[in-house]
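Notes follow once the structure below has been shown.
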Amino acid sequence: MDPAKVLGQQIKLPYSGKIVPNRFLKSAMTERLCTWDPDHRAECGKPTEGYINAYKRWGEGLTGVIVLGNIPVHRDYLEAAGNAIIDKNNPWDAVEAFKPAVAAAKAHGSLCIGQLTHAGRQAPDTVCEQPVSASDTKCPDGVMGLNFQPARAMTEEEIWDAIDRWAFGAEVLYKAGADGAQLHSAHGYLLSQFLSPLVNKRTDQWGGSFENRSRIVFEIIKAIRNRVPDESFIISIKINSHDFIDGGFSQEECATMVEKLEEARVDLIELSGGTYESLAFEHKKESTRRREGFFVEFADRIRPHVKKSVLCVTGGFRNAEPMAEAVKQDTCQIVGLARPLCAEPDLPKKILEGKSKGAAENAVESSLQTPAAVIQIHAMAENRPIPDTAKKEVAEEVTEMIIGKKPMPHAEGAKYPPI
Ligand SMILES: Cc1cc2nc3c(=O)[nH]c(=O)nc-3n(C[C@H](O)[C@H](O)[C@H](O)COP(=O)(O)O)c2cc1C
């Protein structure tokens with residue numbers, strides 16, 4: 001079957017009953033387009049016009065599910081300056097603030113879900129003086145040029161407060177018109193820290209056995225259901241297929257986890273991998289190169305454990321043919337895309353209309369493609385032409401911006417921080 005036909009098929013989510021119009025998912029990407037004023041933390045994290053513009057572009061791209069980039073549920077534990085924030089103690093109306101971006105993402109039929117997060121020990125020292133985590137621990141310095149203060153173990157009270165914050169975040173998203181919420185439980189952020197036996201050394205009900213380490217995730221799901229009783233609200237999760245670090249969350253635990261997530265009526269499970277300590281946004285195995293997806297071999301092993309929930313695999317997909325193969329071979333039902341949708345926010349539309357066979361080349365060196373994507377998101381936000389990183393000279397210019405040889409563009413009067 002023609003890849004466009006395979007990828008153009010709709011799919012029903014089993015628990016919410018919501019229909020995803022095609023097999024593409026825009027994976028969460030930190031936009032750094034929300035208000036930022038370090039002296040007034042309570043006023044940080046409001047979506048700006050630029051944030052809405054970016055989702056307008058992605059909405060026009062017809063991606064089946066659009067996931068809003070990570071939204072911390074606590075204003076003290078950000079992933080970066082300029083994050084969107086939903087904090088129950090903020091004085092502004094988050095429902096009204098998020099409505100326009102959600103509406104823009106959904107304007108052409110996409111489903112929109114918001115990714116709720118807490119950076120835990122991965123909150124960099126530029127935004128966090130005292131990070132918290134499952135245990136006393138420290139994220140190694142120097143990852144992506146970031147440094148971290150040592151994190152202290154969260155108290156029992158703080159853990160219950162975090163659970164309540166996720167539920168509050170989901171309720172805000174629901175009231176703002178979003179179709180669902182995604183728990184960010186991948187990439188070494190707080191929930192991933194709880195899951196990892198390497199980071200989580202607790203001896204209470206939140207640490208030790210797999211059941212205890214995963215307890216926080218299931219308490220959050222329970223709390224969301226209590227706060228948002230509407231069954232049609234999607235609960236999704238992004239989890240690691242593997243932490244890619246000895247002693248971390250393993251694929252065996254991932255297989256157990258997906259079975260438990262299904263029991264908890266989680267609609268959409270997005271598989272990824274790696275943490276700041278062991279980044280995995282490139283091929284770890286030669287054997288997966290042909291199939292493009294970084295995590296497809298893990299997904300093949302995890303797939304038999306998922307009977308009802310819909311499985312998405314994100315990372316590495318660039319061409320329609322391997323994307324469609326992953327769906328046809330039932331490795332996953334949905335393919336997640338991130339960096340390609342920064343260069344071409346309408347890539348799914350072009351593939352579905354038979355106008356493209358896949359993403360344009362990216363001539364930026366692979367380790368710099370994430371900051372390059374942020375530069376492209378900011379161009380979308382500011383209605384500037386998106387730097388075409390397929391062109392060598394543009395890729396070189398973008399690289400010079402990243403390494404500080406050239407100034408980064410920043411709209412005059414922007415309320416979000418410079419990149
Ligand atoms: C600019 C940028 C920001 C990202 N921010 C997030 C995020 O907020 N939450 C998340 O789960 N993953 C985040 N990621 C990871 C992507 O969602 C995705 O898992 C990864 O880039 C691999 O997919 P790709 O090969 O299609 O880019 C980010 C990636 C990029 C490039």
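The values are calculated or read from the model by the stated rules, or taken from the named source; none is laboratory data. Please read all numbers here as calculations on a predicted model, not as lab measurements. Using ideal geometry, Cβ is built from the backbone for each residue, glycine included, and neighbour counts are taken over all protein chains shown.
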Item to check | Enumeration of residues in the range 326-338 that are in contact (Cβ under 8 Å) with a residue 40 or more places away in the chain and not polar (S, T, N, Q) | outcome: VAL327, LYS328, CYS332, ILE334, VAL335, GLY336, LEU337, ALA338
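Residues are listed down the side, and each one gets a yes or a no for (1) within 30 Å of GLN333 (Cα to Cα); (2) surrounded by 24 or more Cβ atoms within 10 Å (Cβ to Cβ); (3) not assigned by TED's automatic domain parsing to the domain that holds GLY180:
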{"position": "ASP37", "(1), (2), (3)": "no, no, no"}
{"position": "LYS46", "(1), (2), (3)": "no, no, no"}
{"position": "TYR51", "(1), (2), (3)": "yes, yes, no"}
{"position": "ARG57", "(1), (2), (3)": "yes, no, no"}
{"position": "VAL65", "(1), (2), (3)": "yes, yes, no"}
{"position": "PRO72", "(1), (2), (3)": "yes, yes, no"}
Checklist entry - All but one of (1) buried (at least 23 other Cβ atoms within 10 Å of the Cβ); (2) among the hydrophobic types (A, V, I, L, M, F, W, C); (3) closer than 14 Å to GLU31 by Cα; (4) assigned by TED's automatic domain parsing to the domain that holds ILE66 hold for ALA372; which doesn't? => result (4)
Checklist entry - Can you name the number of the only condition in (1) at pLDDT 95 or above; (2) outside any strand (DSSP E or B) that ILE269 fails? => result (2)
Next on the checklist: Scan the range 189-207 and tell me whether some residue there is in contact with a Phe, Trp or Tyr (Cβ under 6 Å, 6 or more places away or on another chain), of a type outside the set (A, V, I, L, M, F, W, C) and crowded, with 18+ Cβ neighbours inside 10 Å.
Outcome noted: yes
Checklist entry - Do you know which of the residues in the range 239-266 that are assigned to a loop (DSSP other than H, G, I, E, B) and touching a residue at least 60 places away in the same chain (Cβ under 8 Å) is farthest from the ligand (Cβ to nearest atom)? => result ARG265
Item to check | Filter result for LEU337 (in contact with a strand residue (DSSP E or B) (Cβ under 7 Å, 6 or more places away or on another chain), surrounded by 15 or more Cβ atoms within 10 Å (Cβ to Cβ) and under 21 Å from LYS56 (Cα atoms)) | outcome: yes
Checklist entry - Restricting the search to the range 389-419, which residues are surrounded by fewer than 13 Cβ atoms within 10 Å (Cβ to Cβ) and not acidic (Asp, Glu)? => result LYS392, ILE403, GLY404, LYS405, PRO407, GLY413
Next on the checklist: Which pairs turn up if I take residues in the range 359-372 that are more than 28 Å from ALA4 (Cβ to Cβ) and look for partners that are of a type outside the set (S, T, N, Q) with beta carbon separation below 6 Å, at least 6 apart in sequence or on another chain?
Outcome noted: LEU368/ILE402; PRO371/ILE402
Item to check | Condition broken by ALA181, with the remaining ones in (1) of a type in the set (Gly, Ala, Ser); (2) in a helix (DSSP H, G or I); (3) within 17 Å of the chain's Cα centre (by Cα); (4) under 22 Å from CYS112 (Cα atoms) satisfied | outcome: (2)
